[in-house]
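The values are calculated or read from the model by the stated rules, or taken from the named source; none is laboratory data. Everything quoted here is computed from the prediction, not taken from an experiment. Cβ atoms come from the backbone with ideal geometry, glycine included; neighbour counts cover every protein chain shown. Please note that ligands, DNA and RNA were not included when accessible areas were found on the heavy atoms of the full protein model with its side chains. Shrake-Rupley method; radii C 1.70, N 1.55, O 1.52, S 1.80 Å.
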Amino acid sequence: MQGGWRHVSNSTFYDTYYALPENQGLARAPQSRGGPLGIGTFAYSITDLIEVGIDLFALAEQPQLANQPQLTTWAYGALLGLRFQGWLDIGPEGTVPFLGILTGPMLATATFKDQPPRETLSQAWGGSAGATMHLSPQWGLTVEFRQVFARGAVGRTDQKFGSFNAGGSWLTVGVNYAFPPDTGPASRSSF
């Protein structure tokens, strides 16, 4: 389980909005500072070097546009990941650094206050880098950075607000629990 902060540049979204004829000359609202996110990862190490996993995530943000009610964006989905990992003799039980590639469905939603939401289902793509320091054979602390690419639509379909960046840069910290390898009688080789 990991929690953290998502930072995203939405310059294309802001440029599109402020380029509309009715918005030219408006003072730009400050860019969003990002928003919180949470991730739950379920993974299986195929070998000591390769791990596959499914990451369930949810995130939120409140960007502001001039002459518009408060805008809230959020997204959730699942990313299938392939991670390449190593091992370093650092910490109580060692540290596992990793690099990964991710893809999966993301449902991005944008809602202006007191208006119906607009949802966009898209394919998200991303990369990750991080490390897990094992404090015991089962428990560890994980730090991870992800760069995720996905878009979501804003406003009614008759409005030309464009789309917002639903991905961005994700920095998370969390706890990791590893199930011990099966060492029961069925897993032992017999000669």
Discussion item. Suppose we keep only residues that are closer than 30 Å to ALA153 by Cα and among the polar types (S, T, N, Q) within the range 71-96. Which one would you say is surrounded by the most Cβ atoms within 10 Å (Cβ to Cβ)?
Written reply: THR73
Discussion item. On the basis of being in contact (Cβ under 8 Å) with a residue 12 or more places away in the chain, open to solvent by 60 Å² or more (accessible area, probe 1.4 Å) and part of a strand (DSSP E or B), does PHE57 make the cut?
Written reply: no
Worksheet item: In the range 55-73, is there at least one residue being within 27 Å of GLY94 (Cα to Cα), over 23 Å from the mean Cα position of the chain (by Cα) and at pLDDT 90 or above?
Response: no
Practice prompt. Could you check how many residues of the range 13-48 are closer than 30 Å to GLY81 by Cα and open to solvent by less than 90 Å² (accessible area, probe 1.4 Å)?
Written response: 13
Worksheet item: Any idea which residue in the range 156-173 is modelled with the highest pLDDT, counting only those that are of a type in the set (Gly, Ala, Ser) and open to solvent by 10 Å² or more (accessible area, probe 1.4 Å)?
Response: SER169
Worksheet item: Looking at PRO105, PRO137, PRO116, which one is within 17 Å of VAL175 (Cβ to Cβ) and either at pLDDT below 95 or assigned to a strand (DSSP E or B) (or both)?
Response: PRO137
